[in-house]
Amino acid sequence: MPTKFSQAVFGLSITSVIGLYCLALAPSALAKNDGGNNNKNQTSTTTNTSSNTTSSTSTGSSLACNVTDVLIGKTNATACKGPFDGNDTGAGNPLLTQLNNGLFDLGSNANWSLAGKSDSNENNLFGFKAQNGSDAGSWGLGKALGSGPSTFVISLKSSTKYSAYLFKDIDFTKTGLDGFFNTIGVALAGNGKEGKGKELSHASLFVASYVKPPQPPKVRVPEPSASIGLGLVVGGMVIARRRESKNVQK
């Protein structure tokens, strides 16, 4: 009997020790599990943050022209459009077609023509030039486009895109014939974080001329002397009829 009792007590003691040991390990195990969950959450948060940053960078790098990208003298462009994909000149005359179809909405009587390119002397009517191969530089004209205010477009081609800059009613006696350009509104260099554009492939000059609308037919107005004479004749006829009427009544 004492032997069995001793064995039971011994067995109970071992079980208690094992139980107490497991209880002691439980907080540590829970801490490890929590740590694993925290790590997963941190990874997830980092991934989301990275995704948002990429999205923000993508949105921030979306390109649009600005009227301050091109100036003549100290006067910036009146309006701008772009960038557009492709080439501004060449097959189909893409930009010229857009201008004549009302790209800048100058009215149906505006007629556009290509008047020069910075990479060619062909049909360069006004000595147009620009610093090809630079992301920012000067452009200029050899002579004014006309005797009065002129409307024209400077197109910048860089990489596979181009943007168009409108100058409306420019008085060259006030602005001069030289200007400045920046391709940052056409195509960005590198990944877009440098804050500069790609090198200029070429610039183009388009000039607007205005077709006068047909004049309405003129209505001839009688001259004053003719009107007076006609009035005297009519008055005389009226007086004569009255006299005849009086004679008949008598």
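Each value in this text was obtained by applying a stated rule to the coordinates, not by laboratory testing. These numbers come from a predicted model, not from an experiment. All Cβ positions, glycine included, derive from the backbone under ideal geometry; neighbour counts span all protein chains shown.
Please give the net charge around GLN98, taking every other residue with its beta carbon less than 10 angstrom from that of GLN98, where Lys and Arg add +1 and Asp and Glu add -1. It works out to a net charge of 0.
Annotation: amide H-H contacts under 5 Å for HIS202 (H modelled 1.01 Å from N, sequence separation of 5 or more, or interchain): LYS157.
For ASP169, ASP178, ASP69, the sequence from fewest to most other C-beta atoms within 10 Å is ASP169, ASP178, ASP69. For segment 147-163 versus segment 166-185, the spacing of their alpha-carbon centroids is 10 Å.
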